[in-house]
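S.K.: Got a structure for you, questions after.
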Amino acid sequence: MKNITFAILLIISVIILAANTFIDKNNFKINENTESSAVCRPQSIFCYAKNKTQSTDCATAFIDKNNFKINENTPVAEVLQQLGEAAPSHIQNKEISKDLVVIGENIVLNGLSSKTGEGGRRQSKHFVCTSCHNVQREDPVLSVSNPQARLEYAQENGLPFLQGTTLHGVVNRESWYNGDYNKKYDPEKIKPAQTNLREAIQLCAIECAQGRELKDWELEGVLAYLWTLELKMDDLNLSDADLQRIENGIDDGAQQAELVQFIKSKYSQASPATFTDQPDNLKQGYGQKGDADNGKLIYDLSCKHCHENGRYSMFVLDDSKMTMRFMKRNFTKYTRYSTYHVASYGYTTNGKRQYMPNYTLERMSNQQIEDLRAYFERESR
Ligand code: HEC
Ligand code: HEC
């Protein structure tokens, strides 16, 4: 009899133990009684890589709520997780990913790939990621995408003014290739990229950079580097009182949802994208009066970033009178050299080669295109 009771108890404990290993991740909340071993999240570097099985890696998972202090360097993503937000699928184990950063940095900044992070093979024959993306903050207010505010910020901070959104804070966004990018790429390719940062990186490496597909270790390297560009609490320009309020509310279930909302109101969770058309009548233009000085800024910080000395394009732009006159003459003509045309639609040829990405309205306003026109007109005189 004793043996049977013992056996039943044993079976019950085995069932309980087994049940515990199937924790429902989606509804999992941490509280003070949660055991540290249960706070595992799928954090292995390859946890979400294509065709890889999920693995749980507990190296850095335990969160100590009582000692959580916020300072200017505290990652926004960490604060959100403290407030009960689920970690994004592109999370990486920080301990593992810190060794991968050099690999990703070499790919993003130099366009070169090797396991040591020095030299190596080119990812693309034509571009590096920074041909089209900054890796620094580029907006004075992170919740607003305004091309004129960005242009002025770029000038003050010595940055180029580009078609791609900065990679600074890209890990904090929740969707990618937003708005009208739906129209540009095959839905089969873009759908996964809109909800998954790894897919977004891969899509851009192939389609935007016209390069080869990244290997798993290269992709994880790029992602590890992008995590070094994540938003910190300091980037949100919060008052001390607000920081204190967040720190005090970390543990308070009644305040968490509101605090999450408050933090998210301080930066964009997606970079908006609206395509534009060239004006119906090129001579009349968009109708705004151009500002030549502002046009010069755009020319220097944007067009010349790629076209000066043939950096990323065979088509060379400089400050000579001849170039100014050429650009002015073609601006209002239906040719492949019309700025109205290339700014709105980009410039593509068939096949794998360099091309010019279009500017969305969030990246260059119609007013700014008129400013360029005014600049070429003034410099042609
Ligand atoms: C020829 C230009 C170009 C190059 C080179 C390029 N990109 Fe992009 N990338 C774009 C454009 C344009 C978008 C469209 C969305 C946006 O950034 O606003 C984009 C989007 C992205 C996005 C999604 C951003 C978002 O918030 O929607 C990521 C991530 C990205 N690129 C990563 C990379 C990486 C990594 C590389 C280098 C391997 C790279 N890109 C190279 C032009 C480029
Ligand atoms: C991200 C890099 C980049 C930026 C920024 C850029 N371009 Fe381009 N542009 C290119 C590339 C690449 C081509 C393709 C031409 C080639 O084969 O080299 C191109 C093509 C062109 C062409 C057509 C050239 C031809 O041979 O038909 C014009 C005109 C042009 N760009 C003007 C501009 C102007 C004006 C600006 C600023 C508003 C600008 N570009 C900004 C990369 C860029």
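S.K.: With the cut-off at 23 Å, tell me which of the pairs LYS215/LYS304; LYS115/LYS232; LYS289/LYS328 have Cα atoms farther apart than that.
M.R.: Values: LYS215/LYS304 32 Å; LYS115/LYS232 28 Å; LYS289/LYS328 15 Å.
From the list (LYS215/LYS304; LYS115/LYS232; LYS289/LYS328), the Cα-Cα distance tops 23 Å for LYS215/LYS304; LYS115/LYS232.
S.K.: Further question on the same structure: Considering the alpha-carbon set of segment 292-380 alone, what are its Rg and its Dmax in angstrom?
M.R.: Expressed in Å, the Cα Rg and Dmax of segment 292-380 come to 12.3, 37.
S.K.: To continue, here is another question. Quick query: amide H of GLY211 versus all other amide H atoms, modeled in the peptide plane; which residues come in under 5 Å with a sequence gap of 5 or more or a different chain?
M.R.: The list, which skips near neighbours in sequence, is ILE206.
S.K.: Using alpha-carbon positions, what is the distance between the centroids of segment 77-138 and segment 202-227, in Å?
M.R.: Here the answer is 8 Å between Cα centres.
S.K.: Trypsin sites (Lys or Arg not before Pro) within segment 83-188: which are DSSP loop residues with at most 16 other Cβ atoms inside 10 Å?
M.R.: Those satisfying the criteria are LYS98, LYS115, LYS125, ARG137.
S.K.: Also, quick follow-up: If you take the Cα Rg of segment 185-287 and divide it by 2.2 N^0.38 Å, with N the number of residues, what do you get?
M.R.: Working: Rg = 20.3 Å, N = 103, 2.2 N^0.38 = 12.8 Å.
Dividing the Cα Rg of segment 185-287 by 2.2 N^0.38 Å gives 1.58.
S.K.: Please list, in chain and number order, the residues 5+ apart from VAL135 or on another chain whose amide H is under 5 Å from its amide H, with Hs placed from the backbone.
M.R.: LEU167
S.K.: Taking segment 115-193 as the region of interest, what is the percent of Cα-Cα pairs per 5 angstrom bin, listed from the shortest bin to the one with the maximum distance?
M.R.: In whole percents, the pair-distance histogram is 3, 12, 17, 19, 21, 14, 10, 3, 0.
S.K.: Using the Kirkwood radius over Cα pairs, work out the Stokes-Einstein diffusion coefficient for segment 177-245 at 4 °C and 1.567 mPa s, in µm²/s as a whole number. Write out the running numbers ahead of the final one.
M.R.: Values: Rh = 14.2 Å.
Value of D from the Cα-based Kirkwood radius: 91 µm²/s.
No value in this document is a laboratory result; all are computed from the given coordinates. Remember, predicted model here, so these are calculated numbers, not experimental data. All Cβ positions, glycine included, derive from the backbone under ideal geometry; neighbour counts span all protein chains shown.
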